[in-house]
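Enquirer: My structure is below; once you've seen it, I'll send some questions.
The values are calculated or read from the model by the stated rules, or taken from the named source; none is laboratory data. Because the structure is predicted, anything quoted here is derived from the model rather than measured. Don't worry about glycine lacking a Cβ; one is built from the backbone with ideal geometry, like all the others, and counts go over all protein chains shown. We work out accessible area using only protein heavy atoms, side chains counted, and drop any ligands, DNA or RNA first. Shrake-Rupley method; radii C 1.70, N 1.55, O 1.52, S 1.80 Å.
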Amino acid sequence: MTREKSRPPRETGEERLTGEDLLIARIAEKFGHGHPGLIKGIGDDTSVTAQTPGTVLLATTDTLVESTHFTLDTTTPAQLGAKALGVSISDIAAMGGRPTFFLISLVLPKTLDTGFVEELYAGLSATALVFGATMAGGNMSAGKDLTVTVTLLGEAKPEKVVYRSGAEEGQGLYVTGTPGDSALGLRILSETKKGGTGESRLKEFKQAVKRHLTPTPRLEAGTRLAERGIAASMIDVSDGIVLDARRLAKESGVGIDIEISLLPLSPEIKRYMETGGSGKEAGLLMALAGGEDYELLFSADLKDETLIEKISEKLKLGITKIGSVTSKNSGVRVIGADGVEMALERGGYEHF
Ligand SMILES: [Mg+2]
C-alpha cells in the first residue's frame, strides 16, 4: 500500500484531471454543442469549425474587468455572462454579420466557487442560444480580479459587410432604440448601492437598469440593414452617440450633425428629466454621451426611409433619424432645439 501511495502520477488517466479540467468538462457537457459547423469544441488543443462557403470571418474580443466594468454588488453571475457575450454580439451586428462561435477566458479569484462559474455560463449560454452563437472553447485561470474575456467569431457575405467608412454627405443618421438608458440604469444602480435611494427607484427605472445590466444586442436590425444594403456605414454605440458618431465621421471622412430635438428618449429617461434640478441636463447628456447603450448608429440614403420604417415596425424596435451626414469641414456638431450648435464638454454641454 505504501508503494501505491508513493507511485508517481500516471501520465494519462482520470486522476490527472485538475479541477479546471473537470469544470470545463462539465460545462462542455452542458453547453458545448448544437452547431453543425462545430467539428470539435472543448476537449482538444483547439476548436475546429467549418466556415460557411462564400462568407468572410468576423472576429471581435472584449474584456470585462471587475471594478472597472462591473461590480458583483449589482450584477449577478448570470447577468455578467449574458453581458460579456452580448457586447460582442453587438459588434458583429454593427458589421451586418451573424455570430457563429465564441471562446471564453476567465480569470477567477480564489474566493469564487464553481457554482459562480456555472451560473455565469448559464447566463452566457442563454444569450448564446437566443442569438445563435455556440461555445467552441474556454480557458480558466486563478487571479486577483474577476475578468471575463469573450472572443466571438461571426460571418457575413463579403459584399454585405457594413464598415464605418461608408457614410456620404447628404445621408441621414439613424439610431435604434432609446440611447441613454444604460447610463441612467448605471446611475440608479450606483445611487442604490450607496444607500442614497431605495429599492423603489430600482423599480421606477426598471427598464433602464435592465438595459445596463443585460443590454440586448440589435442583431436582427443590423443584419437586415446590411443584407438589404440600407446601412451605408454603421457602428454600435458603446461610448455614447457623439463619440461614436465622431468615429463614423473620421473613418468616412465626413461631418455629422446630431439634432437634440430628434433624439428618441425612453419614458424613463423623460421621467428622470422631469424630476427637476439638474435632471434635464443630466438626462440629455446620458442620451448624447452615456456609454454602453449597444444600440446601432448608422447612415443611410434618405430614399431608404420607408424601408427603415418597415424594419422598425417588423422588429418592434424604434429606428429614428437623429441627424445628417455633412461635409468634412463641418465636423461633428450637436445642434440644440433652437438650431444653435452646442459644445459637449466632459462634464456637461453648453452653447457656444
Ligand atoms: Mg463596436
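Enquirer: May I ask you to list the residues in the stretch 137-162 that are without any contact (Cβ under 8 Å) to a residue 60 or more places away in the chain and under 30 Å from residue 233 (Cα atoms)?
Expert: Hit for the stretch 137-162 is 159, nothing else.
Enquirer: Cβ contacts < 8 Å: first residue outside any strand (DSSP E or B), restricted to the stretch 50-66; second residue within 16 Å of the ligand (Cβ to nearest atom), any location; separation 6+ or different chain. Result?
Expert: Pairs that qualify, where the first residue is outside any strand (DSSP E or B) and the partner is within 16 Å of the ligand (Cβ to nearest atom), are 55/156.
Enquirer: Can you name the residue in the stretch 241-264 that is over 19 Å from the mean Cα position of the chain (by Cα) and open to solvent by 40 Å² or more (accessible area, probe 1.4 Å) and, of all such residues, is farthest from residue 163 (Cα to Cα)? Walk me through how you get there before you give the answer.
Expert: Initially, the stretch 241-264 is screened for residues over 19 Å from the mean Cα position of the chain (by Cα), giving 249-264.
Subset that is open to solvent by 40 Å² or more (accessible area, probe 1.4 Å): 250-251, 259, 261-262.
On the way: 250: 12, 251: 9, 259: 23, 261: 27, 262: 25 Å.
In this case the residue turns out to be 261.
Enquirer: Could you pull out every one of the strands (runs of 3 or more DSSP E) wholly within the stretch 112-214 that has 1 or more residues that are polar (S, T, N, Q) and in contact with a helix residue (DSSP H, G or I) (Cβ under 6 Å, 6 or more places away or on another chain)?
Expert: Strands (runs of 3 or more DSSP E) meeting the threshold: 172-176.
Enquirer: Give the residues of the stretch 102-113 that are under 16 Å from residue 150 (Cβ atoms) and open to solvent by 30 Å² or more (accessible area, probe 1.4 Å), sorted by residue number.
Expert: 103, 105, 107
Enquirer: Among what's in the stretch 282-321 and is in contact with a Pro (Cβ under 6 Å, 6 or more places away or on another chain) and not acidic (Asp, Glu), pick the residue that is surrounded by the fewest Cβ atoms within 10 Å (Cβ to Cβ).
Expert: 318
Enquirer: Then there's this: Taking the residues in the stretch 84-101 that are open to solvent by 20 Å² or more (accessible area, probe 1.4 Å) and outside any strand (DSSP E or B) as candidates, determine which candidate is farthest from the ligand (Cβ to nearest atom).
Expert: Step one: of the stretch 84-101, the residues open to solvent by 20 Å² or more (accessible area, probe 1.4 Å) are 91, 95, 98.
Those still in the list that are outside any strand (DSSP E or B) too: 91, 95.
Working: 91: 4, 95: 9 Å.
The extreme case among them is 95.
Enquirer: Let me ask something else about it. Can you tell me which condition residue 59 does not meet? The list is (1) surrounded by fewer than 17 Cβ atoms within 10 Å (Cβ to Cβ); (2) more than 16 Å from the ligand (Cβ to nearest atom), and all the others hold.
Expert: (2)
Enquirer: Next question. Going through 155, 220, 191, 227 one at a time, which residue ends up being more than 14 Å from the ligand (Cβ to nearest atom), open to solvent by 10 Å² or more (accessible area, probe 1.4 Å), of a type in the set (Asp, Glu) and at pLDDT below 95? Full working, then the answer.
Expert: Values: 155 fails: at pLDDT below 95; 220 fails: at pLDDT below 95; 227 fails: at pLDDT below 95.
Selected residue: 191, the only one of 155, 220, 191, 227 that is more than 14 Å from the ligand (Cβ to nearest atom), open to solvent by 10 Å² or more (accessible area, probe 1.4 Å), of a type in the set (Asp, Glu) and at pLDDT below 95.
Enquirer: Filter the stretch 255-268 down to the residues that are out of contact with any Ser or Thr (no Cβ under 7 Å at 6 or more places or on another chain) and farther than 19 Å from residue 342 by Cα, then identify the one that is farthest from the ligand (Cβ to nearest atom).
Expert: The extreme case among them is 267.
Enquirer: Within 13 Å of the chain's Cα centre (by Cα) and more than 16 Å from the ligand (Cβ to nearest atom): does that describe residue 138?
Expert: no
Enquirer: Something else about it: If you take the residues in the stretch 32-56 that are farther than 29 Å from residue 163 by Cα and among the aliphatic types (A, V, I, L, M), which one is most open to solvent (accessible area, probe 1.4 Å)? Break it down into steps so the answer makes sense when it comes.
Expert: Restricting attention to the stretch 32-56, the residues satisfying the condition of being farther than 29 Å from residue 163 by Cα are 32-34, 39-46.
Retained after the next criterion (residues that are among the aliphatic types (A, V, I, L, M)): 39, 42.
Numbers: 39: 113, 42: 44 Å².
So, considering only residues that are farther than 29 Å from residue 163 by Cα and among the aliphatic types (A, V, I, L, M), the one most open to solvent (accessible area, probe 1.4 Å) is 39.
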